[in-house]
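Read the structure below first, then the notes.
The values are calculated or read from the model by the stated rules, or taken from the named source; none is laboratory data. Since the model is a prediction, treat every value here as computed from it, not as a measurement. All Cβ positions, glycine included, derive from the backbone under ideal geometry; neighbour counts span all protein chains shown.
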């Protein structure tokens, strides 16, 4: 059983020969540029990220959409930027697909992307005070993610992966009702084509997320 077969056996709840282990410090994935970097920088969404403690991931220090009233003025990044595809095709050419899985990475997906762009407190408040605008904002983010995933599918990836921390130590950061209203439909939108193609959706979330389960 090679590494690819072993990983697939593990995620299908079979009998892998060893426990697959990810080594995040290597960041050896297809990385959609403009989305994540371990350093001080401003991403494609206009968010300023800074590393406060050496060896940790950066934290958002600037929120380009502090007011949802300016949503129509906010410029979402272009998921069709052509340079990414060219670089990824070159990387894929050197991968033995019989031995290795190829997973397309997006890092922050929906909830994490929304609060990074708006600010955590402002985003959570807007769920109550401006629900229609939040729906529109989240659909814009989901449209972006869906298009990125479509591009990965066109490259022939085995699946997609991203970060979407939803929980604290005890519960979701939003109520289960809000999760179902605001986030769940957008996840379905994001993953529709990936799942239809029979590919892997590697959904990473830290925290206690039991209440997010729908069945």
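Here is how the numbers come out for the structure above:
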| read-out | value |
| --- | --- |
| Single match in 123, 179 (criterion: touching a helix residue (DSSP H, G or I) at 6+ places or on another chain (Cβ under 7 Å), at pLDDT 95 or above and over 24 Å from residue 79 (Cβ atoms)) | 179 |
| Checking residue 65 against (1) assigned to a helix (DSSP H, G or I); (2) touching a helix residue (DSSP H, G or I) at 6+ places or on another chain (Cβ under 7 Å); (3) at pLDDT 95 or above, the condition it does not meet | (1) |
| Failed condition for residue 111, given (1) under 23 Å from residue 193 (Cα atoms); (2) modelled with pLDDT under 95 | (2) |
| Within the stretch 39-51, considering residues that are assigned to a loop (DSSP other than H, G, I, E, B) and in contact with a strand residue (DSSP E or B) (Cβ under 6 Å, 6 or more places away or on another chain), the one modelled with the lowest pLDDT | 40 |
| Residue list for the stretch 126-160, restricted to those being modelled with pLDDT under 95 and either within 14 Å of residue 187 (Cβ to Cβ) or surrounded by fewer than 17 Cβ atoms within 10 Å (Cβ to Cβ) (or both) | 154, 155, 156 |
| Of the criteria (1) within 15 Å of the chain's Cα centre (by Cα); (2) outside any helix (DSSP H, G or I), which one residue 142 fails | (2) |
| Residue check, residue 58 at pLDDT below 90 and buried (at least 18 other Cβ atoms within 10 Å of the Cβ) | yes |
| Filter result for residue 44 (within 23 Å of residue 185 (Cα to Cα), under 16 Å from the mean Cα position of the chain (by Cα) and surrounded by 13 or more Cβ atoms within 10 Å (Cβ to Cβ)) | no |
| Close pairs from the stretch 64-90: first within 30 Å of residue 102 (Cα to Cα), partner modelled with pLDDT under 85, Cβ under 7 Å, at least 6 apart | 77/34; 84/32; 84/33; 88/30 |
| Tally of residues being part of a loop (DSSP other than H, G, I, E, B) and crowded, with 19+ Cβ neighbours inside 10 Å across the stretch 161-198 | 3 |
